[in-house]
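I have placed the structure first, in the form of structure tokens, so that the comments after it can refer back to it.
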There are 2 protein chains.
Amino acid sequence: MPLTLEDIARICGVSRSTVSRVINSERNVSPETRQQVLNVIQEINFQPNLAARGLAAGKTRVLGLVIPMGVGAIFTDPFFPLLIHGVSATCNELDYSVMLWLDEPEYERRTVRQILYNGLVDGVIVSSMLMDDPILTALADGKLPYLQVGRHPANPRVNFVDVDNIQGSYLAVSHLLKSDRRRIATITGPKNMIAGMDRLQGYRLALEEWGIPFNPALVVEGNFTDLSGYSAIQHILPHHPDALFSASDAMASGALRALHEANIRVPEDVAVVGFDDIPFAAHTDPPLTTIHQPIQRVGSLAAQTLVEIIEQPTNQPRQVILPTELIIRSSCGCKV
Amino acid sequence: MPLTLEDIARICGVSRSTVSRVINSERNVSPETRQQVLNVIQEINFQPNLAARGLAAGKTRVLGLVIPMGVGAIFTDPFFPLLIHGVSATCNELDYSVMLWLDEPEYERRTVRQILYNGLVDGVIVSSMLMDDPILTALADGKLPYLQVGRHPANPRVNFVDVDNIQGSYLAVSHLLKSDRRRIATITGPKNMIAGMDRLQGYRLALEEWGIPFNPALVVEGNFTDLSGYSAIQHILPHHPDALFSASDAMASGALRALHEANIRVPEDVAVVGFDDIPFAAHTDPPLTTIHQPIQRVGSLAAQTLVEIIEQPTNQPRQVILPTELIIRSSCGCKV
DNA sequence: CTGAAAGCGCTTACAG
DNA sequence: CTGAAAGCGCTTACAG
């Protein structure tokens, strides 16, 4: 029922090759013919069939977006909505569509194969932050263009867009240091997550710069959830910290609760800085000083970069790291 | 480079028709042949090209999911992540893929055309709650199977899955009534959103049942955001409410802040009940009594129902309304 | 600048 | 139960 190239061609009295050429903006079409075809297309609201185009050209103009559901606080954190928003907006601009896979553990195998070989996508953006995610190795072994959201230390040639987690936590801890805190504890992310380890790295860097020895008793591993932040406090408190850098706002929020229950004043007794700048961070008690990351821009850049990789292949891996920003609220206790 | 049906056929010494039949689980293939083909497919990890299949069969096994970005609190509310999760999980089970469109106002026109006529999706789920969303009328005029998340009062034949907003707010207000509150104010959603109006309807129903006259001075329109809840309180306070039903948790959270600043005690002076049960609702001060809605199940049912519509077309519109649940916390002041 | 023709990888009557 | 053949709606050398 929908019209085809052939129909347009008949109406215009040209061949379907010509119609195809004007649709794909090739030169080699006389201005008059081009205009006429354009008019007809406009008039009857013609949309080329993308399945046919995909089959013939080997390009579908659709990007896959793979989001692993394994990770914790996926519904309290606006990370994925913002990422999706960025990807989608840029795809719209570039005339690409986006295919979404929420990658549940049980389906992982099937997903990878489907994405790689079913010919439906020209490339894929994976937002996995797990060090050893099987989908990452599958992608690395395959030949489909792809780009990671989040860098991968083990694979130097991978394309990625990431937030500068090291610089972010360095910023956070430096701020605490400048506010004369010296016993700065940290709740880290899980060991198998790159962002978690990067944020720990920034913590160490800042300490080092100020000549403060690294004290293992002041670092506790969390898993980015509120609850893990809450229980981390129990381990940290005996060591009398005067500040806390939490590798996520969710954990900071749990820590704030625990601190409150232990009758420890924030920021007077313990200053707190989080990471992520989730909306909730402005509403904790006290409002949380934290590190803002430009997630939507990450998504947007990821889409744009992947399209470049698809359309203008080179040997150079494309890698971009976006800066973060310190957002000062009350929990750090710096009265400007 | 990827293998094709033809390759499998050659290896097995059969025609590609036969291979196609076993892939599509048709009968009319001898058990031995079927097994042999299956083995080869398994062995070489064959994935049929979906673009080709789509072109030949007119079915792509992909569902479109359209999410309008016009609406307010899209990143503080886990509605969309949960919805997407439900849709995606069920699509995985049913061997469908999902194509995502975040519908930004400027692109709306292009989006609709693309979805309807580019042959990439077999049907679409639209999560629009606007009364007069242009995409809804475009879909209604087109011939692509679709299903709405959220009912549409003006179109009785539309397929939809919705949460019972009327029953939900009825539940909320009844609870307040049972707790001896009589001057119950409400902050509504915007007039052009169906869910908003449904929630107002439930409020009226409960009042009516208890013989309490409807008092327009006690109802203020909000737009589902925190801020609108905050400012609504200024209009309501002069009329001395003893309770508040807020049509969203975000607005309730703003209202709580305003109440607090006005030195009005919750729940002693004013009992508060929200709607949505966002994660934050458990952490407000005091924790918010609210109405829980099964969003993920809505997504799951939407996908399942749309697939039924695609695969077994009938004339009957499919319409399902899911019940909500009252979650009692502290803000309503009922000490069980 | 333009058209005829082959081909992308499947499905689907049709004939046997 | 099986295969040969046409066809889905495009793109893309190739020839002119």
### Message
Restricting to segment B:132-157, name every residue that is within 15 Å of the chain's Cα centre (by Cα) and in contact (Cβ under 8 Å) with a residue 24 or more places away in the chain.
### Response
B:Tyr146, B:Leu147, B:Val149, B:Gly150, B:Arg151, B:His152
### Message
Which condition from (1) surrounded by 18 or more Cβ atoms within 10 Å (Cβ to Cβ); (2) closer than 28 Å to A:Gly123 by Cβ is the one that A:Asn315 breaks?
### Response
(1)
## Note on the structure
Here the residues within segment A:297-322 that are of a type in the set (S, T, N, Q) and modelled with pLDDT of 95 or more are A:Ser300, A:Gln304, A:Thr305, A:Gln319
### Query
Hey, among B:Pro2, B:Pro68, which residue is in contact with a Ser or Thr (Cβ under 7 Å, 6 or more places away or on another chain) and touching a residue at least 12 places away in the same chain (Cβ under 8 Å)?
B:Pro68
### Task
Keeping to segment A:116-131, report how many residues are under 19 Å from the mean Cα position of the chain (by Cα) and within 14 Å of chain B (Cβ to nearest Cβ).
3
### Task
Evaluate the following for A:Gly333: is it of a type in the set (Gly, Ala, Ser) and out of contact with any Asp or Glu (no Cβ under 9 Å at 6 or more places or on another chain)?
no
#### Entry: Whichever residue in segment B:26-48 is of a type outside the set (A, V, I, L, M) and closer than 25 Å to A:Val121 by Cα and, among such residues, is nearest to DNA strand C (Cβ to nearest atom)
B:Pro48
### Query
Among B:Leu176, B:Leu218, B:Leu256, which is the only one that is over 22 Å from B:Gln293 (Cα atoms) and either of a type in the set (Phe, Trp, Tyr) or crowded, with 17+ Cβ neighbours inside 10 Å (or both)?
B:Leu218
### Task
Please specify each residue of segment A:55-67 satisfying the condition of being within 11 Å of DNA strand C (Cβ to nearest atom) and at pLDDT 90 or above.
A:Leu55, A:Ala56, A:Ala57
#### Entry: When residues of segment A:6-25 are limited to those that are of a type in the set (Lys, Arg) and near DNA strand C (Cβ under 10 Å from one of its atoms), the one nearest to the chain's Cα centre (by Cα)
A:Arg21
#### Entry: Some residue of segment B:210-225 being in contact (Cβ under 8 Å) with a residue 40 or more places away in the chain, in a helix (DSSP H, G or I) and more than 18 Å from B:Leu259 (Cα to Cα)
no
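Rundown of residues vs (1) over 19 Å from the mean Cα position of the chain (by Cα); (2) closer than 29 Å to B:Pro78 by Cβ, yes/no style:
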| position | (1), (2) |
| --- | --- |
| A:Glu221 | yes, yes |
| A:Leu227 | yes, yes |
| A:His235 | yes, no |
| A:Pro238 | yes, no |
| A:His292 | no, yes |
| A:Ala302 | no, yes |
| A:Thr305 | no, yes |
| A:Arg329 | yes, yes |
### Message
farther than 30 Å from A:Leu130 by Cβ and buried (at least 18 other Cβ atoms within 10 Å of the Cβ): which single residue out of A:Ile8, A:Ile67 fits that description?
### Response
A:Ile8
### Task
Considering every residue within segment B:180-192, establish whether at least one is at negative phi and in a helix (DSSP H, G or I).
no
### Query
Is there a residue in segment B:222-241 that is small (Gly, Ala, Ser) and more than 23 Å from B:Arg329 (Cβ to Cβ)?
yes
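Residue-wise test of (1) within 14 Å of chain A (Cβ to nearest Cβ); (2) in contact with a helix residue (DSSP H, G or I) (Cβ under 7 Å, 6 or more places away or on another chain); (3) within 12 Å of DNA strand D (Cβ to nearest atom); (4) of a type in the set (Ser, Thr, Tyr).
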residue	(1), (2), (3), (4)
B:Ala9	no, yes, yes, no
B:Gly13	no, no, yes, no
B:Arg16	no, yes, yes, no
B:Arg27	no, no, yes, no
B:Ser30	no, no, yes, yes
B:Val37	no, yes, yes, no
B:Gln42	yes, no, no, no
#### Entry: Options B:Thr18, B:Thr90; residue that is of a type in the set (Ser, Thr, Tyr), surrounded by 17 or more Cβ atoms within 10 Å (Cβ to Cβ) and touching a residue at least 60 places away in the same chain (Cβ under 8 Å)
B:Thr90
### Query
Of A:Leu83, A:Leu3, which residue is more than 30 Å from A:Ile135 (Cα to Cα), away from DNA strand C (no atom under 12 Å from the Cβ) and either modelled with pLDDT of 90 or more or surrounded by 15 or more Cβ atoms within 10 Å (Cβ to Cβ) (or both)?
A:Leu3
### Failed criterion for B:Ile328 (all others in (1) within 13 Å of chain A (Cβ to nearest Cβ); (2) within 23 Å of B:Ser174 (Cβ to Cβ) hold)
(1)
### Task
State whether the residues of segment A:55-66 include one that is within 10 Å of another protein chain (Cβ to nearest Cβ), under 30 Å from A:Gly299 (Cβ atoms) and away from DNA strand D (no atom under 16 Å from the Cβ).
yes
### Task
Confirm whether B:Ala52 is within 11 Å of another protein chain (Cβ to nearest Cβ), within 14 Å of DNA strand C (Cβ to nearest atom) and free of Cβ contacts under 8 Å to residues at least 60 places away in the same chain.
yes
### Query
Quick check: anything in segment B:97-104 in contact with a Pro (Cβ under 8 Å, 6 or more places away or on another chain), touching a residue at least 24 places away in the same chain (Cβ under 8 Å), among the hydroxyl-bearing types (Ser, Thr, Tyr) and surrounded by 18 or more Cβ atoms within 10 Å (Cβ to Cβ)?
no
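The values are calculated or read from the model by the stated rules, or taken from the named source; none is laboratory data. All figures in this text were calculated on a predicted structure; none of them were measured in a lab. Glycine gets a Cβ as well: all are built from the backbone with ideal geometry, and neighbour counts include every protein chain shown.
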